[in-house]
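Reading through the structure tokens given below for one structure.
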Amino acid sequence: MVKYYSADYILPVTNEPFKNGTIAVDGNGAILDVFREGDPQLNGKEIQRFEGIIVPGFVNCHCHLELAALHGKIKKGTGLIGFIKEVIGARRHGEKPENDTEAMKRADRQMYENGIVAVGDISNVIASKSIKQESSLYYHTFIEILSFEPEKAKDVFRAGTELFQAFQPLKASVVPHAPYSVSRELFRYMSKFCWETGSILSIHNQESEEENKLFRYKTGGFVDFYKDLHINIDFFKAQARNSVQSFIPLMPERQKLLLVHNTYTSTKDLYFIKRSERDASFCFCPNANLYIENRLPKIDMFLLDDFNITLGTDSLASNDKLCILSELKAIHAAFPSLKLTDTIKWATLNGARFLEVADRFGSLEKGKKAGINLISNTRGLELTASSSVKKLA
């Protein structure tokens, strides 16, 4: 059965927004056509009309489904190292496996209800596979490997590739966790594997200034962090430059790379990334940054070189909810000069392109099953503090 949805504005993403348009969708969610106001083909059609803006389904490029059971259990404002310590402690005294599974199912359902259609999800174990197989959402799983100890690199990498195989036939990649938690040896194993498999890559980047201090001077909180864990980092030498400038040369040249968080990324870092000629995209998770560090990236700085920007929610351990509209609202509140007609691309098409699913998602175009979202309580083409999202198809 064909359904027709109309709103004050249609924001197709690949074209300019227009007023009082209509989207025709079949029973399977495929877009049959996009009509302008007054199109004679709409004569006699039963059209559902709404106040607000119709946009495509959202793409969440960075999530941790496995941490869903920690919702509300990690204090806000701990800083990244404090947050990591709390997560480690919570996992040691964690929920029963069946409770973790139920929490992941609820998180998956929450994303669906909040209009998300595709997810880049970080996994350390196999637990989320069954949820992803049964989900209405598309998932690309980033299998995260981490060990700062060079002598453990081979075993950690082998475990990562075994998990990669276990996740088949779902789309997956083996990726490094963060610069401060992956040795050069482990980077080399991972980079070779990703080059051979053609995998897209993701890495947590500069979420804390302590990360930059470690790489520039071998000082700061991470030195004490590893000491508390009884991990000897005598092998590590100060790099006299920020972390991103230290690890980018270790990444494969041709694979797409998603740098996540970027809260303490500098202009010099961006110039370095640009000169590296890597196919780098940036993912912002503003509500998680506020939750953990009470700080946002300098987002306007990333606009100068037309970088590919995407959005993520991070986890329910570091966010109140998994909702891309909430991330957009946080960005627009902090950077009021930004326009929704630009940032909606970050929330949809840019993420779909990075996850290599833009043939299905990311824009309101004929033939796609992109999802249809209604953003209500808007002011023209602007979000307000009370803006909300409803999934229409």
Legend entry - Whichever residue in region 113-133 is open to solvent by 40 Å² or more (accessible area, probe 1.4 Å) and touching a strand residue (DSSP E or B) at 6+ places or on another chain (Cβ under 7 Å) and, among such residues, is modelled with the lowest pLDDT: Asn124
Legend entry - Selected residue (criterion: surrounded by the most Cβ atoms within 10 Å (Cβ to Cβ)) from residues of region 218-253 that are hydroxyl-bearing (Ser, Thr, Tyr) and touching a residue at least 40 places away in the same chain (Cβ under 8 Å): Ser243
Inset, instruction - Identify all residues within region 19-28 that are modelled with pLDDT of 95 or more and open to solvent by 20 Å² or more (accessible area, probe 1.4 Å); write none if there are none. - result: Lys19, Asn20, Asp26
Legend entry - Test: Asn377 is of a type outside the set (Gly, Ala, Ser) and surrounded by 22 or more Cβ atoms within 10 Å (Cβ to Cβ): no
Legend entry - Scan of region 128-156 for residues that are over 19 Å from the mean Cα position of the chain (by Cα) and assigned to a helix (DSSP H, G or I), ordered by number: Ser130, Gln133, Glu134, Pro150, Glu151, Lys152, Ala153, Lys154, Asp155, Val156
Legend entry - Which numbered condition Ser136 fails, given (1) in contact (Cβ under 8 Å) with a residue 40 or more places away in the chain; (2) surrounded by fewer than 18 Cβ atoms within 10 Å (Cβ to Cβ); (3) more than 23 Å from His177 (Cα to Cα); (4) among the small types (Gly, Ala, Ser): (1)
Legend entry - Elements of type helices (runs of 4 or more DSSP H) in region 286-393, at least 1 residues being touching a residue at least 60 places away in the same chain (Cβ under 8 Å) and over 24 Å from Asp269 (Cβ atoms): 324-334, 340-347, 349-354
Legend entry - All positions within region 181-217 that are open to solvent by less than 10 Å² (accessible area, probe 1.4 Å) and of a type in the set (Phe, Trp, Tyr): Phe187
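The values are calculated or read from the model by the stated rules, or taken from the named source; none is laboratory data. Please read all numbers here as calculations on a predicted model, not as lab measurements. Every residue, glycine as well, gets a Cβ built from its backbone with ideal geometry; the counts of neighbours run over all protein chains shown. Surface areas here come from the heavy atoms of the whole protein model, side chains and all, with no ligands, DNA or RNA. Shrake-Rupley method; radii C 1.70, N 1.55, O 1.52, S 1.80 Å.
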